[in-house]
Amino acid sequence: MDFSFNEEQEAVRELADRIFTDLATHERLRQFEADPADDRFDRKLWAELASAGLLGIALPEDVGGAGLGFIETSLIVEAAGRTAAYVPVIETLATGAAAIARFGSDPQCRQWLPGVISGESVVTTALVELLGSPMVPSVRAERAGAGWKLSGTKACVPSGMVANLVLVPASTDGGTVAVFVVDLSSEGIIRQRQVANTGRLEAVLIFDGLSLGEEAVLGSVEDGPTIVEWMVLRTTAALSIAEAGVTAAALALVSEYTKTREQFGKPIATFQAVGQRAADAYVDAEAIRLTAWQAAWRIAEGLPAEDAVAVAKFWAADGGQRVVHAAVHLHGGVGVDRDYPLHRYFLLTKQIELTLGGATDQLLRLGSTLAAEPV
């Protein structure tokens, strides 16, 4: 693969980096974190991303988007990870809105995508299954006349308390999976606040016989399994890209701190043990970055990406933990001070590690693939 970006992609990266760096500062993030009741949604940053045209970067031009692709979306996700910003870029840009653009009907696209582009709408996905696979959803969809009724519960729905729309995979009577486009203002939905380890708000969504028309089906019922696999693949790749940003930021803090912190009259960066630990963390961070971008590139090029995404998620889960632990240890007591930004990267790494499968799960996926290959 080619790890370089073209001129247009470089412009997207520079713009995203500038907006996130200017607005997602340590001081502004602390303001969100100071209020336990805050919904952790940076509306000012979200509006600025919309004003810059970044929320529609990969959405079709006929609804007001820029018509670019997953690489450009990933550049925004990486910038969000690097700043630990409180904006729903993965669930909305990398997966939810992209799925509507890819599989949705023309009325669905025209109803929902312009709101995403303008920053007025947040789209999320209900992919997490607490006791199973996203391909076997716990929510049930039953035929009801000319429409459907949804019953069941979804937990760990990212940005579920602020989203306007959610894509819900559900098991049908026919033994397959369908994906439904659900307006979260509809009657028959109960939203319960759920707080992740990072303090970011998620939601438990309870569907109590929610009535939906046939037009709520994304694509077709037959397309359901393909759509779920597509969403899981992109979400997992985006999580890996975000972790590349997280670990890059954690290492930047390590570099600055160890150059200025002195012991015995010398910067601790000059100590051999410190240098070795930092070097190991750098190797892990580079592995995370390279495997994540390889996965993103294969998705963007329409190539088979399942194995590349599993490799990227393994490194994000396994290597990410080593990087942030090294960063905390090299900072000493400062590393666990919540007035210092490193704690955000430590907690976000843990959330990314466990979302949609940790390191062991990815190795099992890769093992199954290798076992199925002819000798």
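The values are calculated or read from the model by the stated rules, or taken from the named source; none is laboratory data. This structure is a prediction, so every number in the text was calculated from the model and none was measured. Glycine also receives a Cβ, built like all others from the backbone with ideal geometry; neighbour counts cover every protein chain displayed. Accessible surface is based on the protein model in full, side chains and every heavy atom, while ligands, DNA and RNA are left aside. Shrake-Rupley method; radii C 1.70, N 1.55, O 1.52, S 1.80 Å.
Between residues in region 46-59 that are closer than 13 Å to Arg13 by Cα and residues that are assigned to a loop (DSSP other than H, G, I, E, B) and open to solvent by 10 Å² or more (accessible area, probe 1.4 Å), which pairs lie under 6 Å by C-beta distance while being six or more apart or on different chains?
Once the first residue is closer than 13 Å to Arg13 by Cα and sits in region 46-59, its partners that are assigned to a loop (DSSP other than H, G, I, E, B) and open to solvent by 10 Å² or more (accessible area, probe 1.4 Å) give Ile57/Ala66; Ile57/Leu68.
Of the conditions (1) at pLDDT below 95; (2) in a loop (DSSP other than H, G, I, E, B); (3) within 29 Å of Phe5 (Cα to Cα), Leu303 fails just one. Which one is it?
(1)
Can you tell me which residues in region 245-275 are closer than 26 Å to Ile352 by Cα and open to solvent by 80 Å² or more (accessible area, probe 1.4 Å)?
Within region 245-275, just Glu256 meets the criteria.
Can you pull out the residues in region 184-196 that are touching a strand residue (DSSP E or B) at 6+ places or on another chain (Cβ under 7 Å) and either acidic (Asp, Glu) or part of a loop (DSSP other than H, G, I, E, B) (or both)?
Leu184, Ser186, Gly188, Ala196 - these are the residues of region 184-196 that are touching a strand residue (DSSP E or B) at 6+ places or on another chain (Cβ under 7 Å) and either acidic (Asp, Glu) or part of a loop (DSSP other than H, G, I, E, B) (or both).
Would you say Gly320 is of a type in the set (Gly, Ala, Ser) and closer than 18 Å to Ala84 by Cβ?
Yes.
State the number of residues belonging to region 354-375 that are under 23 Å from Ser159 (Cβ atoms) and without any contact (Cβ under 8 Å) to a residue 60 or more places away in the chain.
Qualifying residue count for the region: 2.
Return only the number of the condition from (1) touching a residue at least 40 places away in the same chain (Cβ under 8 Å); (2) in a loop (DSSP other than H, G, I, E, B); (3) loosely packed, with under 13 Cβ neighbours inside 10 Å that Glu8 does not satisfy.
All conditions pass for Glu8, except number (2).
Within region 164-172, is even one residue more than 23 Å from Thr355 (Cβ to Cβ) and in contact (Cβ under 8 Å) with a residue 40 or more places away in the chain?
For region 164-172, residues more than 23 Å from Thr355 (Cβ to Cβ) and in contact (Cβ under 8 Å) with a residue 40 or more places away in the chain: present.
Looking at region 309-321, can you tell me whether even one residue there is out of contact with any strand residue (DSSP E or B) (no Cβ under 7 Å at 6 or more places or on another chain), of a type in the set (A, V, I, L, M, F, W, C) and more than 19 Å from Pro134 (Cβ to Cβ)?
Yes - at least one qualifying residue is present in region 309-321.
Within region 312-337, can you find the residues that are crowded, with 21+ Cβ neighbours inside 10 Å and of a type in the set (A, V, I, L, M)?
Ala312, Ala316, Ala317, Val323, Val324, Ala326, Ala327, Leu330
Scan region 147-183 residue by residue and report those that are among the aliphatic types (A, V, I, L, M), open to solvent by 10 Å² or more (accessible area, probe 1.4 Å) and not in a strand (DSSP E or B).
Scanning region 147-183 gives Met161, Val162.
Which of the following residues is within 25 Å of Arg191 (Cβ to Cβ), at pLDDT 95 or above and open to solvent by 20 Å² or more (accessible area, probe 1.4 Å): Arg28, Arg18, Arg43?
Arg43
For residues that are at pLDDT 95 or above and either part of a strand (DSSP E or B) or open to solvent by 80 Å² or more (accessible area, probe 1.4 Å) (or both), tally how many sit in region 103-135.
Adding up the residues that qualify gives 8.
Between a residue in region 117-136 that is farther than 19 Å from Val63 by Cα and any residue that is among the basic types (Lys, Arg) and surrounded by 23 or more Cβ atoms within 10 Å (Cβ to Cβ), which pairs come within a Cβ distance under 6 Å, given they are 6 or more apart or on different chains?
Pairs that qualify, where the first residue is farther than 19 Å from Val63 by Cα and the partner is among the basic types (Lys, Arg) and surrounded by 23 or more Cβ atoms within 10 Å (Cβ to Cβ), are Ala126/Lys154.
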